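Just so it is clear, none of the values below were taken in a lab; they were calculated from the coordinates. Everything numeric in this text was worked out from a predicted model, so none of it was measured. Methodologically, a virtual Cβ is constructed for each residue, glycine included, from the backbone with ideal geometry; neighbour enumeration extends over all protein chains shown.
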Amino acid sequence: MTNLDPLSRVTACQRALISRGYSGLGTGIGWSCILLDLVDDLLGIDPRIRLTHVRQKYGELRVVLEPADNPSAQSPAALEAVARAQARSLVTCERCGRTPATIDWSREWVETRCRWHHAYDESQRG
Ligand SMILES: [Zn+2]
């Protein structure tokens, strides 16, 4: 999917997530490919592992792996997959999926944005 523009790419990832049973996730569409890769990594570790409580906090992806009583959900491989996804979220625009992106601490809602979305928000500021 690397030949597509950023929004087409993240839209394709979002569709793939829905086909894997994930919809209405609590982050912007820009992180869809990160979440898709994470879901696929976890499927490879143990198909019973599910992502829950998917959200953004201070510009970083946060997830919970369930079931909590499944040792695979807390295995080093699963936790490393989550860490890789979190590292990607810190440099990927949550709105469009472009890289590089940076965390903007200057606003009330802390978010990881690319320079285009940062410029757009600045233009909307009163
Ligand atoms: Zn963006």
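Points to keep in mind about this one:
- Here the spin labels are modelled as points 7 Å beyond Cα on the Cα-Cβ line, and at Q124 and L4 they lie 2.4 nm apart.
- Taken as Cα centroids, region 58-74 and region 100-126 sit 28 Å apart, rounded to the nearest whole angstrom.
- Dipole check for the chain: with +1 at the C-beta of Lys and Arg, -1 at the C-beta of Asp and Glu, and the Cα centre as origin, the magnitude is about 240 Debye.
- Loop-resident sites, region 53-121, for chymotrypsin sites (Phe, Trp or Tyr not before Pro), counting at most 14 other Cβ within 10 Å (DSSP): Y58, W105, W109
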